[in-house]
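Enquirer: Here it is: the structure, laid out below.
The values are calculated or read from the model by the stated rules, or taken from the named source; none is laboratory data. Being a predicted model, the structure only gives us computed values, none of them experimental. Reconstructed Cβ throughout: ideal geometry from the backbone, glycine too, with neighbour counts over all protein chains shown. Just so you know, the surface numbers come from the protein's heavy atoms only, side chains and all, with ligands and any DNA or RNA stripped out. Shrake-Rupley method; radii C 1.70, N 1.55, O 1.52, S 1.80 Å.
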Amino acid sequence: MTLTRNVSANALIYLKGLLLCRRRNCQVMAEELQESNGQRLHHFITASKWCYQQVMDVVTLRFWQKLQNLGLADDACLIIDEAGNPKKGKKSAGVKRQYCGQVGKIDNCQVGVFGALCGGSLTTLVQASLFGIEEKISKIDQAAAIIAHVIKGLQVRVRWVCFDAFYGRDASLLADLIKNGIEFIADVQDNLQVWLEPFQMRVSIRKPGARGRKSKQAKPNRSSLSIKNYAASLSIRDWKFITVRHQSGGKKLQAWFHSREVYILNPLTNRRQLVTLLIREDKDGTIKYSFCHCPGSSLKELAYRQCKRYFVEKAFREAKKELGLNQYQTRSAESWHKHMAMIMLAQLFLNEEKIQLYEQEKLWTTTQDVIQSLKSVLQFVKRSIEDFLDYILAKQPPDKRLVKRSLYLRI
């Protein structure tokens with residue numbers, strides 16, 4: 001929006017296209033909505049003078065305020081993850097051969113680093129940064145920038161930050177979070193080295209008659225072991241079976257957990273750093289390892305926080321399937337960011353609708369339910385709104401307490 005031109009009309013049409021159309025590119029949205037044309041929508045997402053970062057910030061603050069109003073401020077966390085979209089050619093910003101999670105292999109693609117706010121089972125993507133635009137900026141740098149922007153820049157008081165093993169392996173990122181007093185749950189790989197006892201950094205004394213150069217670099221004076229070897233040494237008594245939280249449908253998420261304080265090497269100070277190692281083993285035998293910095297938290301609280309990262313995967317899945325996160329047809333970095341900002345706005349709207357339906361009607365609805373209700377009301381599908389409401393009512397759980405439990409998943 002500028003002094004001479006208002007783009008809010010095109011923004012509304014683009015938003016409706018993300019929610020209602022079969023394919024979410026400018027041409028298809030223009031054809032199905034018949035409220036604009038492909039050229040106008042393409043101009044809106046590429047050259048139009050509006051700031052995508054301001055939209056992302058508004059979404060962040062509005063969703064944070066919504067979580068506060070719902071009493072979920074003590075459960076709010078910031079989840080960092082990335083999403084890759086396969087892309088043909090070499091003309092688009094950030095495109096190169098790199099690992100793409102969507103196809104599970106190295107391929108020609110664009111990769112973005114995202115931040116998502118989560119409280120209860122409500123999750124909204126709120127920040128995004130396209131990787132590969134500047135060669136010297138890594139994904140770790142982008143993740144750190146998103147965390148700093150949300151927590152320090154926007155003053156969003158999340159309880160903790162969580163991310164997967166790609167980011168958890170970076171000891172500098174963990175050390176920086178500890179330095180700034182930010183609690184985190186970081187998944188890590190099983191080959192990382194830890195120390196079970198305090199160690200000191202010492203320069204080894206050269207033995208008389210030894211050959212070679214004199215050592216000048218300080219090293220730990222105690223031996224370390226890999227996380228995998230430590231986990232293998234645990235007995236049955238070292239594990240605790242915990243019901244982490246309720247799942248949708250009334251089921252319960254349960255697994256075996258073990259935690260212990262360990263030491264890692266802080267690359268910022270070249271000294272030891274105390275963290276908590278959390279190990280989770282699911283019923284199918286899958287084992288997950290995490291470094292935690294959550295002073296005063298119980299084992300059950302750590303287990304609950306570790307399992308929260310599932311919701312960002314759910315948010316990505318819904319954003320791709322229901323909103324077309326990966327269906328854009330643009331080349332520039334700015335248009336990529338603008339499309340992601342509109343996705344976040346649409347996801348915020350869907351979450352607000354689910355909350356309103358619960359608060360006013362005590363109804364439990366999914367993202368798909370809200371979108372189908374919109375299509376029924378606006379006659380984008382043959383299904384009548386009466387028939388759809390009967391379907392919604394028929395799938396409600398008999399116990400109304402399960403409705404709230406599904407929306408506000410807690411320990």
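Enquirer: Could you pull out every Cys in the chain that lacks a partner Cys with its beta carbon under 4.7 Å away?
Expert: Taking the Cβ cut-off of 4.7 Å, the unpaired cysteines of the chain are Cys21, Cys26, Cys51, Cys77, Cys118, Cys162, Cys292, Cys294, Cys307.
Enquirer: Right, here's the next one. How large, in Å, is the chain by the Kirkwood hydrodynamic radius built from its alpha-carbon pairs?
Expert: Radius from the Kirkwood sum: 23.6 Å.
Enquirer: How much accessible area per residue does segment 265-411 have, counting only protein heavy atoms and a probe of 1.4 Å, in square angstrom?
Expert: Numbers: 7100 Å² over 147 residues.
Result: 48 Å² per residue.
Enquirer: Here's another thing I want to ask about it. How many percent of the accessible area of the chain is carbon or sulfur, using a 1.4 Å probe? Mind dumping the intermediate values first?
Expert: Values: 10430 of 21180 Å².
So the carbon and sulfur contribution to the accessible surface is 49 percent.
Enquirer: Within segment 136-178, whose backbone N sits under 14 Å from a point 7 Å along Cα→Cβ of Gln193?
Expert: none
Enquirer: Set the Förster distance to 25 Å, then compute FRET efficiency between Leu268 and Ser204 from the Cβ-Cβ distance, nearest 0.05. Write out the running numbers ahead of the final one.
Expert: Numbers: r = 23 Å, r/R0 = 0.92.
Given R0 = 25 Å and the Cβ-Cβ separation, E is 0.60.
Enquirer: Treating the angle as unsigned and between 0 and 90°, give the value, to the nearest 10°, between the Cα long axis of helix 367-377 and the longest Cα principal axis of the chain.
Expert: Relative to the chain, helix 367-377 is tipped by roughly 10 degrees.
Enquirer: Under 21 Å Cα-Cα from Lys88, which lysines qualify once same-chain neighbours fewer than 8 residues away are excluded?
Expert: Hits, sequence-local ones excluded: Lys96, Lys105, Lys320, Lys321, Lys338.
Enquirer: Which distance in nm do the two modelled labels at Arg317 and Arg23 give, with both placed 7 Å along the Cα-to-Cβ direction?
Expert: Label-label distance for Arg317 and Arg23, simple model: 2.6 nm.
Enquirer: So what is the calculated 222 nm ellipticity per residue for the chain, using -39500 (n - 2.57) for each DSSP H run with n of 4 or more, over all residues, to the nearest 500 deg cm²/dmol?
Expert: Values: 14 runs with 157 residues, N = 411.
Taken over the chain, the calculation gives -11500 deg cm²/dmol.
Enquirer: Shifting gears a bit: Under the rule a/c < 1.5 gives rounded, and otherwise a/b versus b/c splits prolate from oblate, where does segment 92-141 land using the Cα gyration tensor? All intermediate terms of the calculation are to be shown ahead of the outcome.
Expert: On the way: a/c = 2.80, a/b = 1.62, b/c = 1.72.
Oblate, since a/c reaches 1.5 and b/c is not below a/b.
Enquirer: Further question on the same structure: Going by average Cβ density within 10 Å per residue, which order do the peptides 371-382, 297-308 take, highest to lowest? Don't jump to the answer; show the numbers that get you there.
Expert: Details: 371-382: 15.3, 297-308: 19.3.
Highest-to-lowest ranking by the protection proxy: 297-308, 371-382.
Enquirer: Give Lys228/Lys288; Lys354/Lys395; Lys240/Lys283; Lys252/Lys362; Lys16/Lys308; Lys16/Lys375 a once-over and call out the pairs whose C-alpha atoms are over 20 Å from each other.
Expert: As for pairs spanning more than 20 Å Cα to Cα, those are Lys252/Lys362; Lys16/Lys308.
Enquirer: Please work out whether segment 292-362 counts as rounded, prolate or oblate from its C-alpha gyration tensor, where a ≥ b ≥ c are the square roots of the eigenvalues and a/c under 1.5 means rounded, while otherwise a/b larger than b/c means prolate and anything else oblate? Present the calculation step by step, with values, prior to reporting the outcome.
Expert: Numbers: a/c = 2.91, a/b = 1.46, b/c = 1.98.
Oblate, because a/c is 1.5 or more while a/b does not exceed b/c.
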